Amino acid sequence: MALKLAHMLATSGLQPAPIAPRRAWPELIRQGAPAAAGAETDDADSLLPQAARRTRIWEFDASLHCSIIGTCLTNAELRRVLDKLRIAPAGAASDHELHGLGVRLAGRRENGAKILQKALDRRHQAAIDRYAKAKNAAGLLAMWEDSLKQGDVPGAYWAVLTHPAATAEVVKRAFGDVHMLSHLVGAANRADIRRLRLLEQENAALAAKIERQQRQLHDGFAARDLAIRRLHDLLARQAGERAERRDAGETPAARAALDALVADLERRLAREVARREHGDARVAALSAALREKERALAAVERDGAAARQELELVERQLAALARPEGEAFGEPLDLSGLTVLYVGGRAHQVPQLKGLIEGAGARFLHHDGGVEHSAGLLPGLVGRADHALFPIDCISHDAAATVKRLCRATGKSYHPLRTASLACLLAALGRMSACPARVAAE
């Protein structure tokens, strides 16, 4: 893989930068401009750029380029940068190779790093303007903590690293938080994983119980039919014997005994018929219960499949934040140009929902479903949105019906979410990213 990346850089007119030796944290943060020819200095501060301006990407040590490119730029944006530089292999490069090219270009001021700098500044201009209010390292750390709580990581990470007041400790802290974020989110999803395993166990137990009941019903029906056939055969034989005795001139006592036997057989037949009717009623009840259990089983299987899909997507997205340098990763979420309306949900989750949706490049709109926001605002919000999402476990029936009706009337896409969790939202965004024009059916 390394040989292939080197070949791609060589054919595009770029040469690999020499690998910097491992240094202590303060020296890994910024490389600084090279000293003038013949100048000699032992001052460590000369390695840092002037504090009056933001740090450029080529001034960072190469050890930070991987986290910057992987966290702050999507693959689509990176590919556009490489296309602008007319690097021929970029169009056919895999995500892994694309990432490697971006990391190598980040250290070359005159061979692509300036365009990378402009792309990062343009994408995260809002975060840069917001962080410009910080005047010292303590203010930067406070704003960084607030961004972590809101889930606004990519823009905040770039703004913190390049801020004029950023120190080695600030950059080290931000780098460590980005690395550990995947572990924290993974711990939060353990409850969903346990619930999925419990659902699978209940599903298996329910299937085994249904199979046992079906075998019992089959055996009971077979025994009942056999008993009925035997009774019919016995009645037929008795009727034949009675006719033969009548023809042979049987005595009144014999006829009375035969009539008593026939009456007894008829009583037994009536009992069997009643038992059969009772069995039929029980079969009908068991069949209805079986159909209900089958519907419940299908619902459990759908929930299990949805939970597995959501967890897989969450794991793939989290891997983008914790993967080591050079590791491949799947397609990221890219909803650039879209507006997403989220109706309902829990109030304390709104900042996280906003960060997740805007992190995918989309514009975020929110309506609480009528708790505090007026229901009369929904038509205008639906008209501005490209997609409408609402969790079915955290929204009123009236609000859900209104969203569906407005989306059908305006031809907009709506997506009912299984729960109000971030995993369900992430799965819906993944489907929207794969098929942005698809309209959800009710």
I need Met432, Met180 ordered by Cβ neighbour count within 10 Å, fewest first. Met180, Met432
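May I ask for the Kirkwood hydrodynamic radius of the range 79-141, worked out over all distinct Cα pairs and given in angstroms to one decimal?
Kirkwood hydrodynamic radius for the range 79-141: 13.4 Å.
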Binned at 10 Å from 0, what are the whole-percent values of the Cα-Cα distance distribution for the range 339-434, short to long? 17, 57, 26, 0
Given a Förster distance of 51 Å, report the FRET efficiency between Asp280 and Ala434 from their Cβ-Cβ distance, rounded to the nearest 0.05. 0.50
Taking R0 as 45 Å and r as the Cβ-Cβ distance between Phe221 and Ala92, the FRET efficiency 1/(1 + (r/R0)^6), rounded to the nearest 0.05, comes to 0.10
State which entries of Lys133/Lys172; Lys84/Lys354; Lys114/Lys172; Lys354/Lys412 exceed 28 angstrom in Cα-Cα distance in the structure shown. Lys84/Lys354
Net charge within 13 Å of Arg108 by Cβ-Cβ distance, Lys/Arg positive one each and Asp/Glu negative one each, not counting Arg108 itself? +2
Rounded to a whole number of µm²/s, how large is the Stokes-Einstein D of the range 190-322 at 4 °C and 1.567 mPa s, given Rh as the Kirkwood radius over C-alpha pairs? 64
Compute the signed sum of charges (Lys and Arg +1, Asp and Glu -1) over the other residues within less than 14 Å, Cβ to Cβ, of Leu141. +1
Evaluate the range 48-188: find the radius of gyration of its Cα atoms, find its Kirkwood radius, and give the ratio Rg to Rh. 0.97
Taking 0.36 nm per intervening residue step and subtracting the Cα-Cα distance, what contour gain separates Glu211 from Ser336 on full extension? 40.0 nm
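Values quoted throughout were computed directly from the atomic coordinates according to the rules given, and no laboratory measurement underlies them. This one's a predicted model, so the numbers in the text were calculated from it and none came from an experiment. A quick note on method: Cβ atoms are made from the backbone with ideal geometry, for glycine too, and the neighbour counts reach across all protein chains shown.
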